[in-house]
Amino acid sequence: MLRSRSSRLAALLLFCCAGVAQAQFVWIGPNGTRQYSDQPPPPGTPASKILKAPGRPAPAQELPAQLPPSLAPADKPKTPTLAEREADYRKRAKARDELENKSQAEAQRAAARAEQCEGLRKNQRIYQSGMRIADVDGKGEKRYLSDAERAAAAERTSRQLQDCR
């Protein structure tokens, strides 16, 4: 019996608290936003801006009998079929693969360009070092470059290196 009495008391307290929780005010504030509070709106708020108050029914929004076509609710968009979703997926996958292949090819071109530029820098250092440079001619014989040939090769390498910077 004690348990029954305490249960009833707890239920009564919860029932009383539920009424307080429902005492909510809703009004449109001075900046045009909706304000929600358990306190009444400020005294300067006109009654037309108060949307909901305890003890006062919420104002019924009147809808025109016939909405113009531009304001009429649009039909619910149909969900795509399995075939359409599959086609969209394949399209996205193809675009992703193309982008991946393009970026991979670009990375390979950049790596080859960096390697080529490094070789040109190495040749430039060799031409500027002053060491004798040997070359193999068409007959397979070793011959040394003259100073004019060396200067021309250094100039050609310098022009090619300008593209690397």
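The values are calculated or read from the model by the stated rules, or taken from the named source; none is laboratory data. It should be emphasised that the depicted structure is a prediction, and the values quoted were computed from it without experimental measurement. Note that we place each Cβ from the backbone using ideal geometry, even for glycine, and neighbour counts take in every protein chain shown.
Structural remarks
- Contact annotation: residue pairs with Cβ atoms under 6 Å, 6 or more positions apart or on different chains, pairing a residue in region 101-124 that is within 14 Å of ARG156 (Cα to Cα) and of a type in the set (A, V, I, L, M, F, W, C) with a partner that is surrounded by 12 or more Cβ atoms within 10 Å (Cβ to Cβ) and at pLDDT below 95, are CYS117/CYS164; LEU120/THR157; LEU120/GLN160; LEU120/LEU161.
Table: residues versus (1) at pLDDT 85 or above; (2) outside any helix (DSSP H, G or I).
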residue: VAL20; (1), (2): no, no
residue: VAL26; (1), (2): yes, yes
residue: ALA60; (1), (2): no, yes
residue: ALA65; (1), (2): no, yes
residue: PRO68; (1), (2): no, yes
residue: ALA74; (1), (2): no, yes
residue: THR79; (1), (2): yes, yes
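- Looking only at region 133-151, and only at residues there that are part of a loop (DSSP other than H, G, I, E, B) and more than 58 Å from the chain's Cα centre (by Cα), the one that is surrounded by the most Cβ atoms within 10 Å (Cβ to Cβ): LEU145
- With respect to the conditions (1) in contact (Cβ under 8 Å) with a residue 12 or more places away in the chain; (2) assigned to a helix (DSSP H, G or I); (3) surrounded by fewer than 10 Cβ atoms within 10 Å (Cβ to Cβ), ALA83 falls short on a single one, namely (1).
- Residues located in region 30-55, provided they are over 36 Å from the mean Cα position of the chain (by Cα) and in a loop (DSSP other than H, G, I, E, B): ASP38, GLN39, PRO40, PRO41, PRO42, PRO43, GLY44, THR45, PRO46, PRO54, GLY55
- Per the listing ALA110, ALA93, the residue uniquely among the small types (Gly, Ala, Ser), part of a helix (DSSP H, G or I), modelled with pLDDT of 85 or more and within 27 Å of CYS164 (Cβ to Cβ) is ALA110.
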